Amino acid sequence: MIGCACSPIARSAGAETLFREATSAYSAGDYETAARSFRQSAAGSPASGTLLNLGLAEWQKGNVGAAIQAWEQSLWLNPYNPSARINLRFARKAAQVEAPELSWNEVVSTWLPVNWWAWLAGLSLWVAVGMTTIPAVLRLPKAAWHQALAAFGIMVFLLSVPAHVGVHTRSKLGFILDKEVSLRLTPTAEAQTITRLGSGEPIRKLRVRGDFILVRTSRATGWVGRRQFGLICPVDGKI
């Protein structure tokens, strides 16, 4: 059997078709079909707007955890999406779940779309190096603006590196998808329950063992089933 790899254009066209189907289903009140089509569209071509709508469909279905995950993924791609931020605030208040606790560099990493930080680090470093070496290579007198631009490049680089690290650590953040999930002492279905986690509660992935994931919450550390947990990163969202 001969396989065929779809081109990016074909994937984009398929995602647009699924998005239109999902929008029609949502308007008709068929939230199950809408959520499925929005999810397939986002898998083929991740977009902040698609994930925003996926969250709305999941919320209408009563899936608080899946809705919160979708809106967090929407902000992961576009931190300037006000609708996703408002929906998250409302959902967490209604479901009485807390927002994730972020370190300072993770907070900084939310200021820009995640892909921008790597580009910013590389560009600022090249600017700093270029302004330091190019005048000497071309045998030009080093002007004050050369030094100012090099200093600015170093400053931006020093800011972007911790933010880039923050993107990596924040990618381990996820959310409980089911209701009343058991946080277990060991990675087995018969293990003792430490506590129960609510739908939409934030947790951090530590490591994977079989069908279970070791996670850390604000209350305890323990094991949950792989299918009960969804990562914040929509591109590398597979556990």
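Rule-based calculations on the coordinates, nothing more; no lab input. Everything quoted here is computed from the prediction, not taken from an experiment. Here the Cβ positions follow ideal geometry from the backbone for every residue, glycine too, while neighbour counts run over all protein chains shown.
With springs connecting C-alpha atoms under 10 Å apart, model the chain as a Gaussian network and identify which of GLY210, GLY200, GLY122 has the largest mean-square fluctuation.
Among GLY210, GLY200, GLY122, the largest GNM mean-square fluctuation belongs to GLY210.
With viscosity set to 0.692 mPa s and temperature to 37 °C, compute the Stokes-Einstein D of the chain, Rh being the Kirkwood radius across alpha carbon pairs; µm²/s, no decimals. Numbers along the way, then the final one.
On the way: Rh = 20.1 Å.
Once the numbers are plugged in, D ends up at 163 µm²/s.
Using a Gaussian network model of the chain whose springs link C-alpha atoms within less than 10 Å, name the residue from GLN192, GLN60, GLN228 with the highest mean-square fluctuation.
GLN192
Within the set LYS61/LYS172; LYS93/LYS179; LYS93/LYS205, which residue pairs have Cα atoms separated by over 22 Å?
Listed pairs above 22 Å: LYS61/LYS172; LYS93/LYS205.
If exposed means no more than 11 neighbouring beta carbons inside 10 Å and the site is in a DSSP loop, what's the longest run of the chain without any exposed trypsin sites (Lys or Arg not before Pro)? Let's see the in-between values first.
On the way: sites that count: ARG139, LYS238.
It works out to 1-138.
Calculate, in nm to one decimal, what PHE152 and TRP111 gain on full extension: separation in residues at 0.36 nm each, minus their alpha carbon distance.
Roughly 12.9 nm would be gained on extension.
Can you give me the Cα centroid spacing of region 187-236 and region 61-79 in angstrom?
Going from one Cα centre to the other spans 18 Å.
Mind grabbing the base-10 log of I(q)/I(0) for region 173-231 at q = 0.15, 0.16, 0.20 Å⁻¹? Debye formula, identical points on the C-alpha positions, no solvent, two decimal places.
-0.32, -0.36, -0.59
Got a sec? How would SER37, SER48, SER218 order by Cβ neighbour count within 10 Å, fewest to most?
With the fewest neighbours first, SER37, SER48, SER218 line up as SER218, SER48, SER37.
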